[in-house]
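Let me begin by presenting the structure, written as C-alpha cells, before commenting on it.
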Amino acid sequence: MMTTMPTLVIGALHKNSAGELNMNDDQASWFGSIIFFAHPIGALISGYLQERFGRRGSMILVNVPVLAAWLTLYAADSVYQLHLVSVLMGLCVGFCEAPLHSYIGEIAEPHLRGTISTLVCISGHTGGVLLHVLGYLAQWRTTALFCGAVPAITFFAMTQIPESPTWLILNSRLKEAQKALGWVRGWVEAEVVHEEFQRLLEHAAVAPKSRRVSTFEGQKYEMVPLTEDGTPQKITQETESFLRIKYRELSDQKMFRPLRMVFIVFIFSFATQLMGMRPFLVNIFNEFGLQIDSQLVVALTRFSLLVGAILNVTLLRRFGKRRLTLLCQAAATVSIILLGVYCSFFDETNRNASLSWIPISLMTSVYFFIGFSLTILPWQLCAEVFPIRGRGAAQGLSAGWSYYVRFGMSVTYLYLEKWIRLSGVFYLYGVISVIGFWYYWRYLPETEGKSLEQIESYFTDDHDKTEKFSRVKSK
C-alpha cells in the first residue's frame with residue numbers, strides 16, 4: 001500500500017489547478033520517486049536492527065512509524081508535508097522488507113520456500129489492488145485514513161508468531177530456537193524436529209560436540225561449555241567491529257557472487273515491470289484517451305498482476321523458477337514493444353477511442369506476466385541464495401539497491417517522456433528487457449526445491465554449471 005500510494009496521490013493532485021493541493025511536473029516527479037530514495041536508508045539500518053532485535057522484533061516495531069505516516073498523509077495541507085510522508089513511508093518499507101525475507105528464508109522448508117516468498121508478493125499486490133479500489137471509491141484522504149488500520153492489525157498479528165529459529169541459534173538461545181522450529185513445522189513438540197534442529201546447528205556452525213558448543217564472534221569461534229539447562233555459557237573475548245565483520249562477510253566469494261546476481265536481476269526485472277511508469281499510470285492511461293476512468297484501469301492492471309502471482313503459487317513447484325522466468329520475460333517483452341508501436345501510431349495528437357482496448361490489453365498482459373514471475377523472482381532469490389553469515393546485511397543491501405533502481409527509473413520518467421516521447425520510453429524498456437532475457441537464459445540457476453546448502457555450493461564452485469545445476473533435481 002505504501003509503495004502504491006504515490007500513484008494514487010499523483011493521479012489526484014498532478015496539475016490539479018482546481019483542487020486544494022496541486023503538483024507541478026517537478027513536484028510530482030520527486031514525490032513519486034523520493035519514497036524509493038528513502039527506502040535504502042531504512043534497508044541498511046534494518047540490517048543492524050534485525051540482527052539486534054530479531055526478524056520478528058523488527059517487523060513489529062516498524063508498524064509504529066507506518067501508522068504515523070498514514071495519519072500524516074490524511075492531515076497533510078501542503079506539498080512539503082506530502083514529500084515528508086513519502087520519505088517516512090520509504091524508510092518504513094526499508095525497515096520491514098529485509099527482516100521479512102530473512103524470516104522466510106530461515107523458517108521455510110526447501111520445497112515451500114519459493115511458494116511462501118510468492119505469497120508475500122501476493123500480499124503486496126493485494127495491497128496495491130485494494131488501495132486503487134479504495135481510491136476509486138473514495139477521496140485520497142479518506143483512503144489514507146482507512147490504510148491506517150493496516151499497521152495496527154499487523155502489530156497484533158506479528159506478536160502471535162515465533163522468532164526465527166536461526167536467529168535464536170545465532171544468539172545462543174537454543175531452547176527457544178528448538179521450540180520455535182517446532183511451532184513453524186506445525187505446532188509439534190521439540191523432539192519431532194530434533195534431527196532438523198541438529199542440521200540447523202551444523203549449518204550455523206554451532207553444532208554441539210559432547211557437552212560443548214561453538215559460538216561465533218565475528219568469523220572467529222571457540223568451544224564453550226553448556227550450562228545445566230542446555231544453553232551456552234557466556235564467553236568474554238575481544239570482538240571485531242560490526243562494520244569490519246560485515247565487510248568481510250559481504251566481500252567473501254560465496255556472498256559476493258549471489259549478491260552481484262541479485263543486483264543485476266533487479267535491474268532487468270524492474271525495467272520489464274515498467275517500474276518508472278508506475279507512479280504516473282493514471283496520467284499515462286489518460287494519454288491513451290480511454291473512455292473509462294483511468295483509476296479503474298489501473299486497478300484492473302494491478303488485479304491482473306495479482307492473478308499472475310497466484311498462478312505462480314500453483315505452478316512454481318511443477319515448472320521451477322527458471323522456466324517460468326524465461327516464459328514471462330519473453331511474453332512481457334513482446335507486449336512492451338507492441339505498446340511502443342501503438343504509441344508511435346496513436347499519440348496524443350492522433351487518438352482513436354475505438355482502439356483504446358489495445359493499450360489496455362497490452363498493459364494488462366505486461367502486468368499479468370510480470371506478476372506470474374518477474375515481480376517475485378528477485379525477492380525469491382533474496383530468500384534463498386545468500387549464506388547464513390551476513391544474510392541480514394546482504395538482504396538489506398539488496399532491498400536498498402532495488403529501491404535506488406526504482407528511484408532512478410521513477411525520477412527520470414517524466415524527463416524521458418518529454419525527450420523521447422512515450423513510445424520511446426516503451427522501446428527503451430523493451431530493449432533492456434531483451435537483454436534481460438539473454439541474461440536469465442545464460443546465468444539464472446534453478447533454485448526451486450534445493451536446500452540452502454545446495455544453492456550456496458553453486459556460487460562457491462569454480463566452474464560454470466548453470467545448466468547442470470538447473471536440471472539436477474534434489475532428492
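Taking the options 310, 284, 292, name whichever one is free of Cβ contacts under 8 Å to residues at least 40 places away in the same chain and within 30 Å of residue 137 (Cβ to Cβ). Can you show your working first?
On the way: 310 fails: free of Cβ contacts under 8 Å to residues at least 40 places away in the same chain; 284 fails: free of Cβ contacts under 8 Å to residues at least 40 places away in the same chain.
Among 310, 284, 292, only 292 is free of Cβ contacts under 8 Å to residues at least 40 places away in the same chain and within 30 Å of residue 137 (Cβ to Cβ).
Within the range 155-169, the residues that satisfy the criterion of being open to solvent by 50 Å² or more (accessible area, probe 1.4 Å) and either touching a residue at least 24 places away in the same chain (Cβ under 8 Å) or touching a Ser or Thr at 6+ places or on another chain (Cβ under 8 Å) (or both) are 155, 159.
Given the conditions (1) within 25 Å of residue 260 (Cβ to Cβ); (2) at pLDDT below 90; (3) assigned to a helix (DSSP H, G or I), and given that residue 385 satisfies all but one, which numbered condition is not satisfied? The single condition residue 385 does not satisfy is (3). Among the residues making up the range 58-92, a single one is surrounded by fewer than 19 Cβ atoms within 10 Å (Cβ to Cβ) and in contact with a strand residue (DSSP E or B) (Cβ under 9 Å, 6 or more places away or on another chain): 79.
Out of 68, 28, one residue alone is within 26 Å of residue 125 (Cβ to Cβ) and free of Cβ contacts under 8 Å to residues at least 24 places away in the same chain. It is 68. For residue 411, are the conditions met, namely being at pLDDT below 90, of a type in the set (A, V, I, L, M, F, W, C) and either under 15 Å from residue 336 (Cβ atoms) or under 24 Å from the mean Cα position of the chain (by Cα) (or both)? Yes: the conditions hold for residue 411.
Selection of the range 71-108 for residues being among the charged types (D, E, K, R) and closer than 18 Å to residue 127 by Cβ yields only 97.
Limited to the range 308-322, what total is found for residues that are open to solvent by 10 Å² or more (accessible area, probe 1.4 Å) and among the polar types (S, T, N, Q)? So that I can check it myself, show each step before the final result.
Start the filter on the range 308-322 by keeping residues that are open to solvent by 10 Å² or more (accessible area, probe 1.4 Å), which leaves 310-311, 313-315, 317-319, 322.
In the following step, the residues that additionally are among the polar types (S, T, N, Q) were identified as 314.
Looking only at that region, the number is 1.
The test for being within 16 Å of the chain's Cα centre (by Cα) and touching a residue at least 60 places away in the same chain (Cβ under 8 Å) holds for residue 47.
Search the range 270-307 for residues being in a helix (DSSP H, G or I) and among the polar types (S, T, N, Q), and hand back the single one that is most open to solvent (accessible area, probe 1.4 Å).
Keep residues of the range 270-307 that are in a helix (DSSP H, G or I), which gives 270-272, 275-287, 294-307.
Keeping just the survivors that are among the polar types (S, T, N, Q) gives 272, 283, 286, 294-295, 301, 304.
On the way: 272: 0, 283: 40, 286: 78, 294: 8, 295: 22, 301: 1, 304: 13 Å².
Step by step, filter the range 270-307, then rank; the result is 286.
For residues in the range 354-406 being among the small types (Gly, Ala, Ser) and open to solvent by 10 Å² or more (accessible area, probe 1.4 Å), which is nearest to the chain's Cα centre (by Cα)? Going through the qualifying residues, I end up with 393. Considering only residues that are of a type in the set (D, E, K, R) and surrounded by fewer than 18 Cβ atoms within 10 Å (Cβ to Cβ), which ones fall in the range 95-115? Residue satisfying the conditions is 109 alone.
Scanning for something in contact (Cβ under 8 Å) with a residue 40 or more places away in the chain, touching a Ser or Thr at 6+ places or on another chain (Cβ under 8 Å) and assigned to a loop (DSSP other than H, G, I, E, B), does the range 334-347 turn up at least one residue? Checking the range 334-347: at least one residue is in contact (Cβ under 8 Å) with a residue 40 or more places away in the chain, touching a Ser or Thr at 6+ places or on another chain (Cβ under 8 Å) and assigned to a loop (DSSP other than H, G, I, E, B). Quick check: is even one residue across the range 172-180 out of contact with any strand residue (DSSP E or B) (no Cβ under 6 Å at 6 or more places or on another chain), touching a residue at least 60 places away in the same chain (Cβ under 8 Å) and open to solvent by 40 Å² or more (accessible area, probe 1.4 Å)? Within the range 172-180 (the criterion being out of contact with any strand residue (DSSP E or B) (no Cβ under 6 Å at 6 or more places or on another chain), touching a residue at least 60 places away in the same chain (Cβ under 8 Å) and open to solvent by 40 Å² or more (accessible area, probe 1.4 Å)), the answer is no, since none of the residues qualifies.
If only residues of the range 3-57 that are among the β-branched types (Val, Ile, Thr) and modelled with pLDDT of 85 or more are counted, the one that is most open to solvent (accessible area, probe 1.4 Å) is 41.
It is to be established whether one or more residues within the range 410-428 are closer than 30 Å to residue 58 by Cβ and among the charged types (D, E, K, R). The answer is no; no qualifying residue exists. Against the definition (in contact (Cβ under 8 Å) with a residue 12 or more places away in the chain and either more than 19 Å from the chain's Cα centre (by Cα) or within 30 Å of residue 203 (Cα to Cα) (or both)), how does residue 117 come out, yes or no? Taking the combined requirement at face value, the residue satisfies it. Within the range 1-49, being out of contact with any His (no Cβ under 9 Å at 6 or more places or on another chain), in a helix (DSSP H, G or I) and charged (D, E, K, R) holds for one residue alone: 26.
Condition check for residue 325 on (1) β-branched (Val, Ile, Thr); (2) under 20 Å from residue 425 (Cα atoms); (3) open to solvent by less than 50 Å² (accessible area, probe 1.4 Å); (4) modelled with pLDDT of 90 or more: one failure, at (2).
The values are calculated or read from the model by the stated rules, or taken from the named source; none is laboratory data. The structure displayed is predicted, hence computed values, not measured ones. So basically every Cβ, Gly included, is an ideal-geometry build from the backbone, and we count neighbours across all protein chains shown. To get the accessible areas, we keep the full protein, side chains included, count just its heavy atoms, and leave off ligands, DNA and RNA. Shrake-Rupley method; radii C 1.70, N 1.55, O 1.52, S 1.80 Å.
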